[in-house]
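To keep things clear, I will list the structure first and then write my remarks on it.
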Amino acid sequence: MVIGSNAKQLLRQREKEIQDIIQTEIHCSEVWATQNVRDSISLIETSASLVTSRSMSGSIPHTEGERSFGFVFNRPMGVILGIAPWNAPLVLGFRAVVAPIAMGNTAILKGSELSPRTHHFIAQLFVEAGFPPGVVNFILHRPEDAADVVNALVTHPAVRKVNFTGSTAVGRIIAETAGRALKPVLLELGGKNCSIVLKDADVEKAAEAILQGATLNGGQVCMSTDLAFVAAEIAEAFKETLRNKVKNLRATSHKAISTRGAAKSLSLMEEARKKGAKVVSAATETQTNGRDPQDVPVTLIEDVEPSMDFFSAESFGPLVGVVAVDTVDEAIKIVNENEYGLSCAIWTGNHHQALELAQRIDTGAVHVNASTVHDEATLPHGGSKTSGFGRFGAEWGLAEFVQTQTVILNP
């Protein structure tokens, strides 16, 4: 507990230093870098507060024997491999190792080659906080060595569980590798996150939150809003509101982490345009002609159709599409039939209806009258379908890194 407090205090003291590192490595906004630090502090605080909670302490269930006693212990698993991504490098780097070590395990943090300094900062912070050698370990590698390094780590006999945050494609490979070694995995993967806007929704608030959810960190967030399914009765008013908001962002673009990432977003946008969608971009003509190959303008794609790749593919860029629907059942059917299931939002003035609808949606989280981009240290976080399985966060996240042992005490 004291050592954990030391880590938190050191992070507070070096907040400006790590903010600068994050902004330099992933060229994000100061707001995003600051949020990474604040969320990391909250994560450490919450994990420390839950270590001694009753839910983590085991139990003494009833047994049939006249004089026997049953004990269920929560025991550390051993070595946990945490593979962290670059897009929220500080908080997701901490998330990969804090819960494992809080439950008595040792951890290996495999950092991203796109945010090596941030992930090294995390490992060094644990050393400076007084954690014994070997509790938190750190490894980096060249991109071309990724497959060999990950395979060696996942299949090593000492590693007892793997947690991974990243793309569905890579998550599938890690799950297959771990499966052959009969090791459990915790996966938080991609998402095609949607907002469902009912006819009684506050159009202004919904449009603002949906645009923010699509553009935060350039749309490079697993929970980013990709699509808005809007009741046909208000679809035109909603599109006009969102269109004006995008136009007011003239000259606004976001730098993707790579030219490959930017090319994917631009390709989805262009393919939708060719198939009949109306595309409204925040880029000026000058920016379009002299564009940095990593820049992606904030873009609204109106009247998205199922035949368009953007209808089902995760964009991971500052793009948002609008689909008019005749009924809420139609919207929920589309959301549930998509391969992803991470986050969803419902916009309505009827809270009772919202709670009923939420139970019908196959996603890890449903947010009522709020953005799809939302996570807190006190809540479980994860997805369904190809968005992964298992949960990070709070007692649910801590429970991922213990194994139960039953002990029967007889006279």
| query | Quick one: THR177 ticks every box in (1) assigned to a helix (DSSP H, G or I); (2) within 30 Å of GLU240 (Cα to Cα) bar one, so which box is it? | reply | (2)
| task | For segment 261-277, state whether one or more residues are touching a strand residue (DSSP E or B) at 6+ places or on another chain (Cβ under 6 Å) and either β-branched (Val, Ile, Thr) or assigned to a loop (DSSP other than H, G, I, E, B) (or both). | result | yes
| task | Specify which of the listed residues (LYS205, LYS199) is in contact with an Asp or Glu (Cβ under 7 Å, 6 or more places away or on another chain), outside the structural domain of VAL97 (by TED's automatic domain parsing) and within 26 Å of LEU319 (Cα to Cα). | result | LYS199
| task | Specify the residue that is surrounded by the most Cβ atoms within 10 Å (Cβ to Cβ); the eligible residues are those in segment 232-250 that are among the aliphatic types (A, V, I, L, M) and over 28 Å from the mean Cα position of the chain (by Cα). | result | ALA235
| request: Considering (1) farther than 22 Å from LEU198 by Cα; (2) at pLDDT 95 or above, say which one ASN289 fails and leave the rest. | output: (2)
| field | Per-region count, segment 47-66, residues surrounded by 14 or more Cβ atoms within 10 Å (Cβ to Cβ) and out of contact with any Asp or Glu (no Cβ under 8 Å at 6 or more places or on another chain) | value | 6
| task | Name, by its number, the condition in (1) β-branched (Val, Ile, Thr); (2) in contact with a Lys or Arg (Cβ under 9 Å, 6 or more places away or on another chain); (3) part of a helix (DSSP H, G or I); (4) under 27 Å from TRP396 (Cβ atoms) that does not hold for VAL162. | result | (3)
| note | Per the filter on segment 40-90, residues touching a residue at least 40 places away in the same chain (Cβ under 8 Å), of a type in the set (A, V, I, L, M) and not in a strand (DSSP E or B) are LEU43, ILE44, ALA48, LEU50, VAL51, MET56, MET77, ALA84, ALA88, LEU90
| remark: ALA33 vs (1) closer than 17 Å to ALA123 by Cα; (2) of a type in the set (A, V, I, L, M, F, W, C); (3) free of Cβ contacts under 8 Å to residues at least 60 places away in the same chain: all pass except (1)
| query | Which of the residues that make up segment 363-411 are surrounded by 17 or more Cβ atoms within 10 Å (Cβ to Cβ) and among the acidic types (Asp, Glu)? | reply | ASP375, GLU395, GLU400
| query | When residues of segment 216-250 are filtered for being touching a Leu at 6+ places or on another chain (Cβ under 9 Å), aliphatic (A, V, I, L, M) and in contact (Cβ under 8 Å) with a residue 40 or more places away in the chain, how many remain? | reply | 7
| Has segment 220-230 got any residue that is of a type in the set (Ser, Thr, Tyr) and either modelled with pLDDT of 95 or more or assigned to a helix (DSSP H, G or I) (or both)? | yes
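Give me a count of the residues in segment 92-119 that are part of a helix (DSSP H, G or I), of a type in the set (Val, Ile, Thr) and surrounded by fewer than 24 Cβ atoms within 10 Å (Cβ to Cβ).
Looking only at that region, the number is 1.
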| task | Those residues that are in a helix (DSSP H, G or I), of a type outside the set (Val, Ile, Thr) and out of contact with any helix residue (DSSP H, G or I) (no Cβ under 8 Å at 6 or more places or on another chain), I need them from segment 120-146; list them, please. | result | HIS120, ALA123, GLN124, PRO143, GLU144, ASP145, ALA146
| task | Working carefully through the options VAL368, VAL407, VAL402, find the one that is within 26 Å of VAL98 (Cβ to Cβ) and of a type outside the set (Gly, Ala, Ser). | result | VAL402
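The values are calculated or read from the model by the stated rules, or taken from the named source; none is laboratory data. Everything numeric here is computed off the predicted structure, so don't read it as measured data. So basically every Cβ, Gly included, is an ideal-geometry build from the backbone, and we count neighbours across all protein chains shown.
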